[in-house]
Amino acid sequence: MKAIGLLGGTFNPVHYGHLRMAQELAEMLELSEVRFIPAAIPPLKTSPAASAEHRANMVRLAIEDNPLFQLDTRELTRKGPSYTIDTLISLREELEPETRLVLFMGTDAFRQLDKWHRWQELLNYCHIALVQRPHAIREALSKTLEAYLAAHYAEQNHELQDASSGYITMQPMTALDISSTAIRQRLQQGLSVRYLVPKNVIDYLQQHALY
Ligand code: ATP
Ligand code: MG
């Protein structure tokens, strides 16, 4: 049965935190593919300084040497805010119904999940795999999200392997305290972002004078 990981984000710019998360979750959950899905217009953030096209191009460069990773640009061609629920619905229209879909998320993103458009429907279309984001604020989850997590938490990995959607799992990941925000700040200060971002992405953002 096919199993596909989905990593949505702003990728402003893509960095080794994203890439390592995708690699480790793909191995842990035995996925055959991971799709990187840049948001054109992130609903909960101020509009990114770099255009959607530049952000997608950087992802393309970052993943070009990994046959497991694909760039999925469907949110770039859609009008209006990039809602994940719409992306899941459109993916489901294309895939075999048994295909397992696993939406990847750092704990910082999960903390905000109850603000997402139609968030309670997400698990009808996919599983959710969480990884701890280093130094994410260790605030308690909202009561609503706490209950949601408890109701859908997969105690064992096979629950996730046996269903095409509906479960939440938390997986360990090599902690990498890298964020796009910190990368943009370093660039603005004229500092190097070597070893935080792939070399070909650094070349691209310099060529196009991004950030
Ligand atoms: P920004 O600082 O602009 O918000 P970001 O580094 O958080 O950027 P996003 O594009 O917002 O990157 O992240 C997309 C997804 O990847 C989110 O679910 C986020 O939690 C996760 N993620 C990003 N960086 C890491 C990391 N270093 N470790 C684990 N998860 C990460
Ligand atoms: Mg973020």
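The values are calculated or read from the model by the stated rules, or taken from the named source; none is laboratory data. From a predicted model like this one, the values you see are computed outputs, not experimental measurements. Every residue, glycine among them, receives a Cβ derived from its backbone with ideal geometry; neighbour counts consider all protein chains shown.
Can you say whether Ala109 is under 22 Å from Pro43 (Cα atoms) and in a helix (DSSP H, G or I), as far as the supplied structure shows? Taking the combined requirement at face value, the residue satisfies it.
Assess whether Met1 counts as being closer than 23 Å to Gln161 by Cβ, touching a residue at least 24 places away in the same chain (Cβ under 8 Å), in contact with an Asp or Glu (Cβ under 6 Å, 6 or more places away or on another chain) and not acidic (Asp, Glu). Here the answer is yes, as Met1 does meet what is asked. Considering only segment 153-189, state which residues are crowded, with 18+ Cβ neighbours inside 10 Å, touching a residue at least 60 places away in the same chain (Cβ under 8 Å), among the small types (Gly, Ala, Ser) and more than 16 Å from ligand 2 (Cβ to nearest atom). Correct list: Ser164, Ser165. In segment 104-118, the qualifying residues are those that are more than 10 Å from Ile128 (Cβ to Cβ) and touching a strand residue (DSSP E or B) at 6+ places or on another chain (Cβ under 7 Å), and the one that is farthest from ligand 1 (Cβ to nearest atom) is Thr107.
Among the residues of segment 50-72, at least one is more than 23 Å from Tyr125 (Cβ to Cβ), outside any helix (DSSP H, G or I), out of contact with any strand residue (DSSP E or B) (no Cβ under 7 Å at 6 or more places or on another chain) and within 16 Å of ligand 2 (Cβ to nearest atom).
Residues in segment 1-57 that are away from ligand 1 (no atom under 13 Å from the Cβ) and of a type in the set (Ser, Thr, Tyr) were compared, and the one that is nearest to the chain's Cα centre (by Cα) is Ser32. Scanning segment 142-178 for residues that are in contact with a helix residue (DSSP H, G or I) (Cβ under 7 Å, 6 or more places away or on another chain) and within 16 Å of ligand 1 (Cβ to nearest atom) yields Leu145, Ile168, Thr169, Gln171, Met173, Thr174, Leu176, Ile178. The set of residues in segment 83-97 being modelled with pLDDT of 95 or more and either touching a helix residue (DSSP H, G or I) at 6+ places or on another chain (Cβ under 7 Å) or surrounded by fewer than 13 Cβ atoms within 10 Å (Cβ to Cβ) (or both) consists of Thr84, Ile85, Thr87, Leu88, Ser90, Glu93, Glu94. Selection of first residues in segment 104-126 that are modelled with pLDDT of 95 or more and of a type outside the set (Val, Ile, Thr) and of second residues that are within 16 Å of ligand 2 (Cβ to nearest atom) and assigned to a helix (DSSP H, G or I), restricted to Cβ pairs under 6 Å at least 6 apart or on distinct chains, gives the following pairs, ordered by first then second residue: Trp119/Leu113.
What number of residues within segment 180-211 are closer than 21 Å to Ser47 by Cα and assigned to a helix (DSSP H, G or I)? Residues in segment 180-211 being closer than 21 Å to Ser47 by Cα and assigned to a helix (DSSP H, G or I): 13 in total.
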